[in-house]
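K.L.:
Here's a structure for you.
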Amino acid sequence: MQCPSCHSDNDRVIDSRTSPDGFAIRRRRECLACKRRFTTYERVETMVKIVKKDGAREPFDHEKIKQGLEKACWKRPVSDVQLEAIVVAVENEIETNFDSEVESRHVGELVMGHLRELDQVAYVRFASVYRQFEDAHDFVSELKPMLAESRRPR
C-alpha cells in the first residue's frame, strides 16, 4: 500500500477491524518512512458485469453507484453511512441473485427501491436522471403513486 503523503510503499498495519457496514475490512496503517497514519478499506471484488443499454459490458463499480447517490442526495439530510449502506445492499443483492451479468436497468431499479425508502426528494432526483425525464409530466407520473401512498391511513 502506498502512503498518500510520501508515496512510500513501506507501512505497517496498526489496527484491523470490520467496517461499520460489515462488508469491508478497515485497516489503520502507519507509513514507516514519514510516520503518517492513514486508513484503507478492503472489499471483496465483485465479478459481476453490468450490461448497459447499448449492450456494452463493464465491471460492477461500487464507486459509480455511490457517486450517483451522492448527486441525488446533494443538500438532503442523508449521511454517507446511509448511502454506503444502500450501495452495499445493492451489491449484495446483485451478488446473491446474479452469477455473471446483470442489466443496468435492474441495478437502477434496485438503487431506486432503496432510495425511495430513505428520501423521497433524492428518489425523484435519481429517477429523473435514470429514467431520462423529458418534461414536468414525467415528474407528475412518478409522484402520483408516492402521493397516493402518503394519503392512505396507516
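K.L.:
Tell me which residues, restricted to the stretch 98-115, are surrounded by fewer than 18 Cβ atoms within 10 Å (Cβ to Cβ), assigned to a helix (DSSP H, G or I) and touching a residue at least 24 places away in the same chain (Cβ under 8 Å).
P.N.:
Residues satisfying the conditions are S104, R105.
K.L.:
Run down T39, T46 and say which single residue is in contact with a strand residue (DSSP E or B) (Cβ under 7 Å, 6 or more places away or on another chain) and either at pLDDT 85 or above or within 30 Å of E101 (Cβ to Cβ) (or both).
P.N.:
The match here is T39.
K.L.:
Right, here's the next one. Just a yes or no: is a residue in the stretch 76-86 crowded, with 19+ Cβ neighbours inside 10 Å and farther than 14 Å from D119 by Cβ?
P.N.:
no
K.L.:
In the stretch 116-129, how many residues are in contact (Cβ under 8 Å) with a residue 24 or more places away in the chain and assigned to a helix (DSSP H, G or I)?
P.N.:
Result for the stretch 116-129: 9.
K.L.:
What tally of residues in the stretch 1-46 results from selecting those that are over 19 Å from E84 (Cβ atoms), in a loop (DSSP other than H, G, I, E, B) and without any contact (Cβ under 8 Å) to a residue 24 or more places away in the chain?
P.N.:
Counting residues in the stretch 1-46 that are over 19 Å from E84 (Cβ atoms), in a loop (DSSP other than H, G, I, E, B) and without any contact (Cβ under 8 Å) to a residue 24 or more places away in the chain gives 5.
The values are calculated or read from the model by the stated rules, or taken from the named source; none is laboratory data. What you see is a predicted model, and the numbers here were worked out from it, not measured in a lab. Because the Cβ atoms are built from the backbone with ideal geometry, glycine has one as well, and the counts that use them run over all protein chains shown.
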